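Below is one structure, written out as structure tokens, with a few remarks after it.
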Amino acid sequence: MKIKDQILDIIFKAINEVNLQLDKDSQIQKSGKTIIYTEGEKLDSLTILNLLVEIEQQVEIFFSKQVILAGESIISESENPLSSVDHLADYIKTLL
């Protein structure tokens, strides 16, 4: 399995965990094209934070490497890593 596929699997597992806390209408879709945060379209801030923290924990367990996603550095990137699940996976890959 390619590293990006492993990262996407981690993100989808984190989405499953976060979805357990959300009502059916607010659940996050498991797709590489799912928007996390862009201008004018976003998940609510608490959901984003919960998702990023869950991904951080899963990455640390799977890769034995700590990454920080729930911080200002992710927002200051020139290309928004939160524009989609796929972009987030690419961003995490650069951190590993």
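Based on this model, can you work out whether residue 14 counts as at pLDDT 95 or above, of a type in the set (Gly, Ala, Ser) and under 11 Å from the mean Cα position of the chain (by Cα)? Answer is yes for this residue. Number of residues in the range 42-86 that are touching a helix residue (DSSP H, G or I) at 6+ places or on another chain (Cβ under 6 Å) and on the phi > 0 side of the Ramachandran plot equals 0.
Restricting the range 17-35 to residues that are hydrophobic (A, V, I, L, M, F, W, C) and surrounded by 14 or more Cβ atoms within 10 Å (Cβ to Cβ), which is modelled with the lowest pLDDT? Please lay out each step first, then the result.
Step one: filter the range 17-35 for residues hydrophobic (A, V, I, L, M, F, W, C), giving 18, 20, 22, 28, 35.
Okay, now just the ones that are also surrounded by 14 or more Cβ atoms within 10 Å (Cβ to Cβ), so 18, 22, 28, 35.
Working: 18: 96, 22: 93, 28: 94, 35: 90.
Top of the filtered list is 35.
Taking the numbered list (1) assigned to a helix (DSSP H, G or I); (2) farther than 20 Å from residue 3 by Cβ; (3) touching a residue at least 40 places away in the same chain (Cβ under 8 Å) in turn, residue 90 passes all entries but (2).
Which of the residues spanning the range 43-90 are of a type in the set (Ser, Thr, Tyr) and either surrounded by 14 or more Cβ atoms within 10 Å (Cβ to Cβ) or within 13 Å of residue 11 (Cα to Cα) (or both)?
Looking only at the range 43-90, we keep the residues that are of a type in the set (Ser, Thr, Tyr), and these are 45, 47, 64, 73, 76, 78, 83-84.
Matches in the range 43-90: 47, 83, 84.
The values are calculated or read from the model by the stated rules, or taken from the named source; none is laboratory data. What you see is a predicted model; the values in this text were computed from it and never measured. With ideal geometry, Cβ positions are generated from the backbone for all residues, glycine too; neighbour counts draw on all protein chains shown.
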